[in-house]
Each structure stands twice: as structure tokens, then as C-alpha cells.
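A.B. asks: Please see the structure below; I have some questions.
The values are calculated or read from the model by the stated rules, or taken from the named source; none is laboratory data. Given the structure is predicted, the values throughout are model-derived calculations rather than measurements. Cβ atoms come from the backbone with ideal geometry, glycine included; neighbour counts cover every protein chain shown. The area values use the complete protein model at the heavy-atom level, side chains included, leaving out ligands, DNA and RNA. Shrake-Rupley method; radii C 1.70, N 1.55, O 1.52, S 1.80 Å.
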Amino acid sequence: MSEGGLEGEVLSHRTREKLLEAYARSLINACRTVRLEFSLVSYSERELRLALDEADIDLTALFRRRQPADGLSPGKIAGIIAFRLGRFKIVHVAEQGQSHGLIRLIQDLAAIYAVQSVLLRMDLPDRRVLETAYQMSRRHANQETLGIVFDAIAPSMAA
């Protein structure tokens, strides 16, 4: 996070770059998880950057509303970023892969894997990652509920 307060971006250049780099690895992980050949997917770096821009707007609002003592945690920050990475049209699947049974989870899985490696810095259990991706994909999940989920899954992170 930037150290200069709320002027400009909350996500530092370094954090953005780490998330951009982690996303490709996260997408590979997501493909492995659902057993989809990686050559059948691609991603839009433009959409990825736009998602991070939108996450930065959400984070700025969060930082204005809350202080660390009010429950501002790595899980809440990860929830905001994962939510935006799940909502933008980042991942594209070739026609041959579109009938795959779990393809609907691929982008949400990539989002979770990215925030877990860069922000949460821990490996979440596969079962929890799949359940969270399903909730993001098929149920109502917003930034705040995802933050609570990440805090609950990784209770040692919330403080």
C-alpha cells in the first residue's frame, strides 16, 4: 500500500506489479485446479489493469471509512481486490475449452490465487478456494463479504 496517505493511489506501484506478475501464475494454477489445458485460456492485461484501477477506488473509500482498529485487515483488502479481479472480463477461453464443466470458476480461482500469494501470503486449502470461487461465480458476494471470508479462512491474518 502507498505510504503517503490517501492522495493518489492506495495500491502502490510495487503491489500492482506484483499482482500483475502473480496473475499469470494464478491463472495457470486455476487451470490446473479445474483440469483445463492452459493453452486454451488467455487473459487481457488491459482488463486486468482496469480491474486494479477499480479496486484502488474501492480501497481509497475503505481507507477513508475505516482505520486498522476498525477491522481494516489484509483479508478485507484481499476481498476488494479479488472481487474486482472476478468482475472484469480478464480471462478468455478458446472455443475448445468452453464446454469444460468448471470453466465458470476459472477467473474467480485466478483472482483468489493472486490475492492469496501477494496479499494473504499463505496457501488456502483447495476446498476453501473452490468454495469461495463458487460463491464469487454463482452466488452474491461483494467486497465486504469476501473480506470476511478471507479473514475467517485465515484468522491469524486478521488483527
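A.B. asks: Could you please let me know if residue 86 is more than 17 Å from the chain's Cα centre (by Cα) and of a type outside the set (Asp, Glu)? Break it down stepwise before answering.
C.D. replies: On the way: more than 17 Å from the chain's Cα centre (by Cα): no; of a type outside the set (Asp, Glu): yes.
Judged against the criteria, residue 86 is not a match.
A.B. asks: Continuing with the same structure: Could you look through region 34-52, keep only residues that are open to solvent by less than 80 Å² (accessible area, probe 1.4 Å) and part of a helix (DSSP H, G or I), and pick out the one that is modelled with the lowest pLDDT?
C.D. replies: Looking at residues that are open to solvent by less than 80 Å² (accessible area, probe 1.4 Å) and part of a helix (DSSP H, G or I), I get 34.
A.B. asks: Which number in (1) part of a loop (DSSP other than H, G, I, E, B); (2) touching a helix residue (DSSP H, G or I) at 6+ places or on another chain (Cβ under 7 Å); (3) of a type outside the set (Ser, Thr, Tyr) marks the one condition that residue 79 misses?
C.D. replies: So residue 79 meets the others, but not (1).
A.B. asks: A follow-up question, please. How many residues are open to solvent by 40 Å² or more (accessible area, probe 1.4 Å) and assigned to a helix (DSSP H, G or I) when one looks only at region 62-75? Give the derivation first.
C.D. replies: Taking region 62-75 and keeping what is open to solvent by 40 Å² or more (accessible area, probe 1.4 Å), we get 63-70, 74.
With assigned to a helix (DSSP H, G or I) added as a condition, the list becomes 63-65, 68-70, 74.
Qualifying residue count, region 62-75: 7.
To keep it simple, each residue is scored yes or no on (1) crowded, with 23+ Cβ neighbours inside 10 Å; (2) modelled with pLDDT under 90; (3) in contact with a strand residue (DSSP E or B) (Cβ under 9 Å, 6 or more places away or on another chain).
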| site | (1), (2), (3) |
| --- | --- |
| 2 | no, yes, no |
| 25 | no, no, no |
| 79 | yes, no, no |
| 89 | no, no, no |
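A.B. asks: On to the next question. Being open to solvent by less than 70 Å² (accessible area, probe 1.4 Å) and part of a loop (DSSP other than H, G, I, E, B) narrows it down to one residue among 136, 122; which is it?
C.D. replies: 122
A.B. asks: Can I ask one more? List pairs: first residue in region 131-142 and over 10 Å from residue 104 (Cα atoms), second residue not in a helix (DSSP H, G or I) anywhere in the structure, Cβ distance under 7 angstrom, at least six positions apart or on different chains.
C.D. replies: Going by the 7 Å Cβ cut-off, the qualifying pairs are 135/141.
A.B. asks: Checking residue 31 against (1) over 22 Å from residue 140 (Cα atoms); (2) open to solvent by 10 Å² or more (accessible area, probe 1.4 Å): exactly one of these is not met. Which one?
C.D. replies: The single condition residue 31 does not satisfy is (2).
A.B. asks: Now a separate question. Mind listing whichever residues of region 91-110 are in a strand (DSSP E or B) and surrounded by fewer than 17 Cβ atoms within 10 Å (Cβ to Cβ)?
C.D. replies: Listed by number, the list holds a single entry, 92.
A.B. asks: Collect the residues in region 139-149 that are part of a loop (DSSP other than H, G, I, E, B) and open to solvent by 60 Å² or more (accessible area, probe 1.4 Å), keeping them in residue-number order. Don't jump to the end; show me each part of the working.
C.D. replies: Pass one, region 139-149, residues part of a loop (DSSP other than H, G, I, E, B): 139-142.
If the condition is that a residue be part of a loop (DSSP other than H, G, I, E, B) and open to solvent by 60 Å² or more (accessible area, probe 1.4 Å), then 139, 140 are the ones that fit.
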